[in-house]
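*Asks:* Please find one structure pasted underneath; my questions will follow.
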Amino acid sequence: MNQAIYQARRTELARRIGPQGIAILPTAPEQQRNRDADFLFRHDSYFYYLSGFAEPKAWLVVTGDGRSTLFCNPKDVEREIWDGFRAGPEAAPALLGVDAAFSVNDLDAQMPRLLDGRDAVWFPFATHQGLESRVDGWLGSLRSRVRFGALTPETQRDLCGALDEMRLVKDVHEQATMRRAAQISAGAHIRAMRLSAQMLREGKEVREYHLDAELLHEFRRHGSQYPAYGSIVAAGANACVLHYRADEGLVRDGELVLIDAGCELDGYASDITRTFPANGKFSGPQRALYDLVLASQAAAVAATQAGARFTDPHEATVKVLSQGMLDLGLLDKNKVGSLEDVIEKRAYFQFYMHRTGHWLGMDVHDCGAYTEPSEIGNKTERRDALTGETLISRPARILRPGMVLTIEPGLYVRPAEGVPEQFHHIGIRIEDDAIVTDSGCELISRDVPVDADAIEALMRG
Ligand code: GLY
Ligand code: MN
Ligand code: MN
């Protein structure tokens, strides 16, 4: 492990919490699945970002003087026979570069001492159940010793804000890991596309789980620990269910398949969607909608660069999609009016009801404010054209080099009056992962093609 990366992050955090501050951060809890089977443990992203330590039941404390203390499972020969290796507090300083380490069983004994004399205590608000009362308990214990000279912090601060800002811009190490994660995921998409066409050519029954198995196989064989989120493998009309999960639906010759899947590699997510013809050949109506989504994605990509706003790619997408909906007759000009009306009244929402992207990083929907911190006072109110709700908005985040986001327009056509039948039940999304650069963006997920001809070519075998 590269200790220096984590040490530099802890030093930066210490700077942000001030010389008398203290930051307290637990990793994620272990989660029971059923009876005595647990879900696979996944560390807390903030915790891992600062420690690189993936064991459960661990805590990290960083003080404003730059010192860090780890609490972790103690060595225990019997438990290690059952559950596996534990680094243990004796080895942790050399392993992780922390200044001190204790058994997690000593947390209640040590925390009041660590809190003594600090002016502000920082911990993540509203993310770890019961954390506030743990901190309260330590503060109460410290206060009971004020007559002996103890000093309690006067302020509690949300640690998420400080860490979100740090995590939003990815360093070169993070970018390299994310490139690799995206490459693995791209290979998995290619594999699933090829298998679909091949099985149909051989006259076999294809189910969504066959394609899901290809994804998993490719993720794991390249060292990915797990999928970054539940893979969506949606055949035919299932693609119009936005949060559909890979199930047992039949993959039919002549229909499209939408796969939204990405692996997690060493703590970093990738998030790719491709939509392809199950048999390797787009029909006319499928191709018309596909090319429209692709054109809208190209417009979003062109709008993604340092200095642009986070909302610029979405607005570029909406413009292209809305014009296409009018041109293809999904929307009737006589009913919805001009392009400006479609956008203003959000008529496109019938077929495009999600945003065009999100931050990507350790979490698939990564942390980071979507509003520009220097402009949060600049509020505007507007009435939503569809719901009539009054919404408050603030200027969107200005993109900077090293921010990573997805670009993922789509079209989802459910049957409705006036909607041409040839488009019914077609759901399409194209999603790529982009690192913002000074002059534009680097698409790190393009090892799997998006162009319709290129997809057909690769599915020919
Ligand atoms: N796979 C989750 C998303 O695309 O946002
Ligand atoms: Mn996404
Ligand atoms: Mn996705």
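*Asks:* Between helix 284-302 and the chain, what is the angle of the helix's C-alpha long axis to the longest principal axis, kept within 0 to 90° and rounded to the nearest 10?
*Replies:* Roughly 40 degrees, rounded to the nearest 10.
*Asks:* What net charge is computed for the residues neighbouring Arg394, neighbours being all others with C-beta under 15 Å from the C-beta of Arg394, Lys and Arg scored +1, Asp and Glu -1?
*Replies:* Details: positive: Arg309, Lys379, Arg382, Arg397; negative: Glu372, Glu375, Glu381.
Residues close to Arg394 contribute a combined charge of +1.
*Asks:* Could you work out how far helix 131-143 tilts from the main Cα principal axis of the chain, as a 0 to 90 degree angle to the nearest 10?
*Replies:* Compared with the principal axis, the helix lies near 20 degrees.
*Asks:* Gap in Å between the Cα centre of segment 364-437 and the Cα centre of segment 208-232?
*Replies:* 27
*Asks:* Would you calculate a helix-derived [θ] at 222 nm for the chain, using -39,500 (n - 2.57) for each DSSP H run of n ≥ 4 and dividing by the full residue count, to the nearest 500?
*Replies:* Numbers: 14 runs with 168 residues, N = 461.
Taking each H run of at least 4 residues, the total per residue is -11500 deg cm²/dmol.
*Asks:* Ratio of Rg to Rh for segment 228-296, alpha carbon only, Kirkwood? Let's see the in-between values first.
*Replies:* Values: Rg = 13.1 Å, Rh = 12.9 Å.
Reported Rg/Rh (Cα atoms, Kirkwood Rh): 1.01.
*Asks:* Follow-up question, since we're still on this one. Through the Karplus equation 6.51 cos²θ - 1.76 cosθ + 1.60, θ set to phi - 60°, convert the phi angles of segment 82-91 into ³J(HN,Hα) values in whole Hz; use x for Gly and Pro.
*Replies:* 7, 9, x, 4, 10, 5, x, x, 5, 8
*Asks:* Let me ask something else about it. Filter the GluC sites (Glu not before Pro) in segment 88-191 down to the DSSP loop ones having no more than 12 other Cβ atoms within 10 Å, then list what survives. Don't skip to the end; give the middle numbers.
*Replies:* Working: sites: Glu90, Glu132, Glu154, Glu165, Glu174; in loops: Glu154.
Here the sparse-neighbourhood loop sites are Glu154.
*Asks:* Restricting to bridges with both residues inside the chain, how much of the DSSP beta-bridge set is antiparallel, in percent to the nearest 5?
*Replies:* Values: 45 of 56 bridges.
Around 80 percent of the beta bridges assigned by DSSP in the chain are antiparallel ones.
*Asks:* Radius of gyration and Dmax for segment 304-368's Cα atoms, expressed in Å?
*Replies:* Here Rg and the maximum Cα pair distance are 14.3, 46 Å.
*Asks:* If you don't mind, another one. Skipping prolines and chain starts, which residues have an amide H placed within reach, meaning under 5 Å, of the one on Ala28, given they are 5 or more residues away or on another chain?
*Replies:* Correct list: Asp44.
*Asks:* Using alpha carbon centroids, what distance separates segment 16-90 and segment 142-181, in Å?
*Replies:* Cα centroid to Cα centroid, the span is 14 Å.
*Asks:* Please list, ordered by chain and number, the residues whose modelled amide H lies under 5 Å from the amide H of Arg157; skip anything fewer than 5 residues away on the same chain.
*Replies:* Val121, Trp122, Phe123
*Asks:* Here is a follow-up. Among Tyr226, Tyr49, what is the fewest-to-most ranking by other Cβ atoms within 10 Å? List each step's numbers first, then the result.
*Replies:* Working: Tyr226 13, Tyr49 23.
Placing the least packed residue first, the sequence is Tyr226, Tyr49.
*Asks:* Also: Once amide H atoms are built 1.01 Å from N in the peptide plane, which residues 5 or more positions from Ile272, or in another chain, come under 5 Å H to H?
*Replies:* Ala261, Gly262
*Asks:* Can you pull out the trypsin sites (Lys or Arg not before Pro) in segment 351-439 that DSSP calls coil and that have at most 14 other Cβ atoms within 10 Å? Can you show the working numbers first?
*Replies:* Values: sites: Arg355, Lys379, Arg382, Arg383, Arg397, Arg429; in loops: Arg355, Lys379, Arg397.
Hits after loop and neighbour filter: Lys379.
*Asks:* Determine ³J(HN,Hα), in whole Hz, for all residues of segment 199-214 in sequence, where each value follows from phi through the Karplus function 6.51 cos²θ - 1.76 cosθ + 1.60 and θ = phi - 60°; x replaces Gly and Pro.
*Replies:* Working through the residues one at a time gives 5, 5, 4, 7, x, 8, 7, 10, 10, 4, 5, 4, 6, 4, 5, 4 Hz.
*Asks:* For the chain, what is the relative contact order in percent, using Cα pairs closer than 8 Å and at least 6 residues apart in sequence? Working shown, then result.
*Replies:* Numbers: 950 pairs, mean separation 62.1, N = 461.
Value for the chain: 13 percent.
*Asks:* Separate question: For segment 219-260, run through the trypsin sites (Lys or Arg not before Pro) and keep only the ones in DSSP coil with at most 16 other Cβ atoms within 10 Å of their Cβ.
*Replies:* Details: sites: Arg220, Arg221, Arg245, Arg252; in loops: Arg245, Arg252.
Loop-located and lightly packed - Arg245, Arg252.
*Asks:* Suppose a student asked you for the relative contact order of segment 398-460, using Cα pairs under 8 Å spaced at least 6 residues apart; what percent would you report? Intermediate results must be reported in sequence, preceding the final value.
*Replies:* Details: 79 pairs, mean separation 20.1, N = 63.
Relative contact order comes out at 32 percent.
*Asks:* Using only the Cα atoms of segment 335-461, what semi-axes does the equivalent ellipsoid have when each is the square root of 5 times a gyration tensor eigenvalue? Give whole Å, largest first.
*Replies:* Values: eigenvalues 165, 146, 26 Å².
Listed largest to smallest, the semi-axes of segment 335-461 are 29, 27, 11 Å.
*Asks:* No solvent, one uniform scatterer per C-alpha: report log10 I(q)/I(0) for the chain via the Debye equation at q = 0.05, 0.09, 0.12 1/Å, two decimals.
*Replies:* -0.23, -0.70, -1.09
FYI, it's all coordinate maths here, none of it is from the lab. Since we're looking at a predicted model, the values are computed, not measured. For neighbour counting, all protein chains shown are included, and Cβ atoms are generated from backbone atoms with ideal geometry for every residue, glycine included.
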